[in-house]
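Every read-out reported here was derived from the displayed coordinates using simple, explicitly stated rules and does not represent laboratory data. These figures come from a predicted structure and were not determined experimentally. Note that each Cβ is placed from the backbone with ideal geometry, even for glycine, and that neighbours are counted across all protein chains shown.
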Amino acid sequence: MSEPAHQFIRSDIQQTTVEGADGQNRPGRRVTVQSLFTYPAELIWSELQRTESLRFVCRPLLFFTPRDTYGLPEYWREGETARLYLWGLGFLPFGKHDIHLEWIDASNYIIQSRERGSLMRTWDHFIHLEPEDDHLTRYTDQIILEAGIMTPALAWWTRLFYRHRQRRWQELLGKM
């Protein structure tokens with residue numbers, strides 16, 4: 001029997017403080033989901049930057065469509081902002097969502113986005129791939145979020161959603 005292509009090693013929610021756009025500190029949450037993948041970091045990294053890969057790993061829990069007439073880029077690029085409409089399960093409107101790609105560090109396999117939307121005031125997403133060896137990669141999603149009274153519920157959903165995304169990464173990478 002072969003070794004599994006994916007293994008969760010961490011999935012938790014911690015309380016934190018988030019500074020809002022108005023400079024006020026608010027209670028927020030830090031959600032961390034971390035897995036080991038039996039795929040090389042280079043393969044994961046090349047797929048991580050593709051819009052179609054993001055669509056695949058989000059489905060069927062979350063769908064997105066562009067708000068701009070020119071659509072979405074094939075590959076995410078540092079400094080760009082994607083303006084989206086989000087849909088839960090393909091039909092529940094979750095409102096507007098903006099993803100600003102603040103920082104992409106290809107040499108260290110890091111992506112940092114700053115996101116905002118109808119459901120959340122703060123959604124800072126940090127992705128880091130850490131090669132353990134030639135065919136084993138530690139994949140970390142860390143999200144710092146704040147959504148007023150909805151923060152605890154949104155943090156719980158975020159944890160489930162990113163566990164789903166990491167399982168879907170396994171499925172996508174297994175097709176390559």
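Across the chain, the relative contact order, built from alpha-carbon pairs under 8 Å that are at least six residues apart, equals 25 percent. Scanning residues 5 or more positions from residue 75 or on other chains, those with amide H under 5 Å from its amide H are 51, with H placed 1.01 Å from N in the peptide plane.
Placing unit charges on the Cβ atoms only, positive for Lys and Arg and negative for Asp and Glu, gives the chain a dipole magnitude near 820 debye about its Cα centre. Amide H contacts for residue 103 (H built 1.01 Å from N in the peptide plane; partners 5 or more residues away or on another chain; cut-off under 5 Å): 79, 112. Diagonalising the gyration tensor over the Cα atoms of the chain and scaling each eigenvalue by 5 before taking the square root yields semi-axes of 26, 19, 16 Å, largest first.
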